[in-house]
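Structure first, then comments.
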Amino acid sequence: MSSFEIALTGIGALLILLALRVPVAVAMIVIGVGGYVSLAGWAPLLNYAKTSAYWRFANYDLSIIPMFLLMSQFAARAGLSRALFKAANTYLGHRRGGVAMAAVGGCAGFGAICGSSLATAATMAPVALPELRRFQYSDALATGALAAGGTLGILIPPSVVLVIYAMAVEANIVTMFQAALVPGILAALGYILTISIYVRFRPEAGPVGARSDRTQRRRALAETWPVITIFSVVIGGIYFGVFTPTEGAAAGAFGTLLFAVWKGGLRLQGFVECAVAAAISTAMIFLILLGADFFSVFLALSHMPADLVTFITDSGLSPMAVLILIVVIYLLLGMVMDSLAMILLTVPIFWPVIAGLDFGLSPADLKMWFGIIAVIVVEVGLITPPVGLNVFVINSAAKGVKMRETFVGVLPFLASDIVRVGLLIAFPAVSLALPRLLN
Amino acid sequence: MFEREKVIQPTDPIGRTLFSLAYVFVLIGSAVMAAVTLMTVISILGRWLFLSPIYGDFELAAIGTAVSVFLFLPYCHLQKGNVVIDLFLSWAPPRAQVFLDGVSGAALGVIGAVLAWRMYLGGTDMLRLGDVTTIVGMPIWYAFPFAVASGALLALCCLYTATKNLQTAFR
């Protein structure tokens, strides 16, 4: 077998292991080890294993992950989601479909201090659902808007998946966060627009909510000051280079902890629960990172990504066609796979391909542009059937709503996602303008 | 990352011991991570207020992160925290699913054991060669006892869950 064939066999075997319920990290390590040994023998691998795990975990840039996860846990307990939803509702609630728009707005606000989509969806659901029910929104629109809104957590910085992508392609985390902001805001506006178009055809699905006057609006907006403060300090500080992303994450975790204690009544027991929950997610992510190391060492040794690049450039496919093919592969994988695992599994193969093609962008710009597109497409997987994790979270919070109904409700938002990906592909400036402006 | 199936606490002495041990590891790891976070915040404040950040805070944060991540691993496995794609086999009889979980648990156990063994050697190498971090000069081997202990505990926990799963599958 040539090394290219060994690599392809390895990828095939990996997919089989994944389908057989083998944890993603375990499958990557097993295949990485098997492939490495068949190409180079045991000795170098055993030597590599002496310190590789330590050097992978002892990484200052990656310390940001446990800190962001802690921050998300504390933010979820600080009662901030209620304030955000209320504020958005005073501005949007009187419109047709307005309460659903407010749910999306609340998710966007929460996404600005939380790096995880599932946490965003899970904290916004118990706040927004009762209100949506009170105004008799259709189950499909109510749960669909929340499931889609939850995905804003991943895109609007801070974002754990963006950190992972930046690490995988050795991009600058700061510029990645800068590049994500405009697409994130566009996503929120896109969802709101989707709702307003939807209720034009189905007015009974999203009735008008309560109207608020100016004082009520101002008061509700003032209640969200903790979120505004944390976001400005953390993200502003990172954007303008006042501190490193890891320092920003530490400050954010500390700040949200203060609000969780003050406004959310967090005590020692709750603190331990937050820490342990963050610890489990941290271990899960870092074990996959370790697996990705073994897997990509094997891939690099086989020269498969490089051969693939030559193959694709020789095939005469246009760069755009290749990019669209990759987007389609991501959409398909997203139907069954977790977003983090998907990024780590595919980037070692796809990034060299993209980097080898001419899109008329500098390598640094290309990293940002492709990264934002990849993260959006991966995040779409959170709301596509059959395994949309966000849909599961919202559905379990909304008692008595059929899963089918939530998936139907999500469809218009999926369309909005596809349009946005198209926009980003056609106009790289959407993601690249802000980093250019700031640097 | 947020919704996990509830894990039933074991009632047998071995299971109870492993669960509590893994929980103690998580608590120690969380304390280390909390300390790293607090240190980073103090370092920022120190830099702003007194123009003196904590010396070598980058290195301490990196080592602290490594130590806590290792300490988190066994508990994560026991709480079924590792990502699994269960779509394709959701139709399969529970017995078959439990069997496969047993096999993959055993595989993770072997990985934990081999890593513990290799990291033991890696740590003693670091000790012998006197490898230290660049700025504060902290000996790197300090992190390895935690890493080796966590790898070993992970292997034991996997052995336990794999045995349980296979017993269930073949009962």
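The values are calculated or read from the model by the stated rules, or taken from the named source; none is laboratory data. In this text, all values refer to a predicted model and were calculated from it rather than measured experimentally. Don't worry about glycine lacking a Cβ; one is built from the backbone with ideal geometry, like all the others, and counts go over all protein chains shown. Surface areas here come from the heavy atoms of the whole protein model, side chains and all, with no ligands, DNA or RNA. Shrake-Rupley method; radii C 1.70, N 1.55, O 1.52, S 1.80 Å.
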From the options A:375, A:410, A:353, A:401, residue that is of a type in the set (Val, Ile, Thr) and in contact with a Gly (Cβ under 8 Å, 6 or more places away or on another chain): A:410
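Out of B:32, B:26, B:36, B:110, I need the residue that is at pLDDT 95 or above, facing another protein chain (nearest Cβ under 8 Å) and closer than 25 Å to residue A:50 by Cβ. Which one? Before you say what the answer is, go through the steps one by one.
On the way: B:32 fails: facing another protein chain (nearest Cβ under 8 Å); B:26 fails: closer than 25 Å to residue A:50 by Cβ; B:110 fails: facing another protein chain (nearest Cβ under 8 Å).
Step by step, each of B:32, B:26, B:36, B:110 is checked, and only B:36 is at pLDDT 95 or above, facing another protein chain (nearest Cβ under 8 Å) and closer than 25 Å to residue A:50 by Cβ.
Do we find a residue being of a type in the set (D, E, K, R), over 26 Å from residue A:419 (Cα atoms) and surrounded by fewer than 24 Cβ atoms within 10 Å (Cβ to Cβ) anywhere in region A:169-178? Please lay out each step first, then the result.
Initial filter on region A:169-178 (of a type in the set (D, E, K, R)): A:170.
Remaining after also requiring over 26 Å from residue A:419 (Cα atoms): A:170.
Filter once more, keeping what is surrounded by fewer than 24 Cβ atoms within 10 Å (Cβ to Cβ): A:170.
Yes.
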Any idea which residue in region B:76-90 is farthest from residue A:246 (Cα to Cα), counting only those that are within 7 Å of another protein chain (Cβ to nearest Cβ) and touching a residue at least 40 places away in the same chain (Cβ under 8 Å)? B:79
Scan region B:1-22 and tell me whether some residue there is facing another protein chain (nearest Cβ under 10 Å) and open to solvent by less than 20 Å² (accessible area, probe 1.4 Å). no
Restricting to region A:332-371, name every residue that is surrounded by 22 or more Cβ atoms within 10 Å (Cβ to Cβ) and not hydrophobic (A, V, I, L, M, F, W, C). A:338, A:339, A:367, A:371
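Can you name the residue in region A:1-59 that is of a type in the set (D, E, K, R) and within 26 Å of the chain's Cα centre (by Cα) and, of all such residues, is farthest from residue B:56 (Cα to Cα)?
Going residue by residue through region A:1-59, those that are of a type in the set (D, E, K, R) are A:5, A:21, A:50, A:56.
Those still in the list that are within 26 Å of the chain's Cα centre (by Cα) too: A:21, A:56.
Values: A:21: 43, A:56: 19 Å.
Filtering region A:1-59 for residues that are of a type in the set (D, E, K, R) and within 26 Å of the chain's Cα centre (by Cα), the one farthest from residue B:56 (Cα to Cα) comes out as A:21.
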Residue B:105 being touching a residue at least 40 places away in the same chain (Cβ under 8 Å) and more than 7 Å from chain A (Cβ to nearest Cβ): yes
Looking at region A:47-55, is at least one residue facing chain B (nearest Cβ under 7 Å) and either within 19 Å of residue A:274 (Cα to Cα) or open to solvent by 20 Å² or more (accessible area, probe 1.4 Å) (or both)? yes
Could you tell me whether any residue of region B:117-134 is farther than 30 Å from residue B:41 by Cα, assigned to a loop (DSSP other than H, G, I, E, B), in contact (Cβ under 8 Å) with a residue 40 or more places away in the chain and open to solvent by 10 Å² or more (accessible area, probe 1.4 Å)? no
Count - residues of region A:356-365 that are in contact (Cβ under 8 Å) with a residue 12 or more places away in the chain and in a helix (DSSP H, G or I): 2
In region A:260-312, the residues that are more than 13 Å from every other protein chain (Cβ to nearest Cβ) and β-branched (Val, Ile, Thr): A:261, A:297, A:309, A:310, A:312
Mind listing whichever residues of region A:123-157 are open to solvent by 20 Å² or more (accessible area, probe 1.4 Å) and of a type in the set (Phe, Trp, Tyr)? A:135
Only one residue in A:321, A:275 is open to solvent by less than 50 Å² (accessible area, probe 1.4 Å), among the hydrophobic types (A, V, I, L, M, F, W, C) and in contact with a helix residue (DSSP H, G or I) (Cβ under 7 Å, 6 or more places away or on another chain), so which one is that? A:275
Are any of the residues in region B:54-75 under 30 Å from residue A:271 (Cβ atoms), more than 7 Å from every other protein chain (Cβ to nearest Cβ), open to solvent by 50 Å² or more (accessible area, probe 1.4 Å) and not in a helix (DSSP H, G or I)? yes
Filter result for residue A:292 (among the small types (Gly, Ala, Ser), surrounded by 24 or more Cβ atoms within 10 Å (Cβ to Cβ) and out of contact with any Cys (no Cβ under 7 Å at 6 or more places or on another chain)): yes
Output yes when any residue across region A:422-430 is more than 29 Å from residue A:128 (Cβ to Cβ), open to solvent by less than 50 Å² (accessible area, probe 1.4 Å) and either touching a residue at least 60 places away in the same chain (Cβ under 8 Å) or acidic (Asp, Glu) (or both), and no when none is. yes
